[in-house]
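Rule-based calculations on the coordinates, nothing more; no lab input. Only a predicted model underlies this, so the values are computations on that prediction, with no experimental measurement involved. We place every Cβ from the backbone using ideal geometry, glycine too, and count neighbours over all the protein chains shown.
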Amino acid sequence: MRLDPMPTSLTCSVCGASVDDAGYLPATERDAGYRPSLDDAVCGTCGFNEVGMMGCAPELADVGTDDDVLLYVERTGAGFDVVSVKR
């Protein structure tokens, strides 16, 4: 499934850095894809070191939103691809 709308950039809500490679993005699941909560994105570094248990990928509850899923996304030339989904 795809992100709708597709973000062209993401900023980490924890440290304020640009998500240049991979990170976590809470989203609401829809028939046509995922509607991301862009303001709640977390970079990969903060996801493992600041959010949730130290050294572990965060869970949906760790990012504190009312969304359905937590997406692990990777940057591509066209935006971001969904790599995995946590419910």
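Data for the structure
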read-out: Pick from the stretch 66-84, criterion of a type in the set (Val, Ile, Thr) and surrounded by 15 or more Cβ atoms within 10 Å (Cβ to Cβ), ranking: farthest from THR8 (Cα to Cα); value: VAL69
read-out: Hits in the stretch 26-65 (condition: over 18 Å from LEU10 (Cα atoms) and acidic (Asp, Glu)); value: GLU29, ASP31, GLU59, ASP62
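Conditions tested, residue by residue: (1) aliphatic (A, V, I, L, M); (2) crowded, with 21+ Cβ neighbours inside 10 Å; (3) over 20 Å from MET1 (Cβ atoms).
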| site | (1), (2), (3) |
| --- | --- |
| LEU25 | yes, yes, no |
| ASP31 | no, no, no |
| ARG35 | no, no, no |
| GLU50 | no, no, yes |
| ALA57 | yes, no, no |
| ALA61 | yes, no, yes |
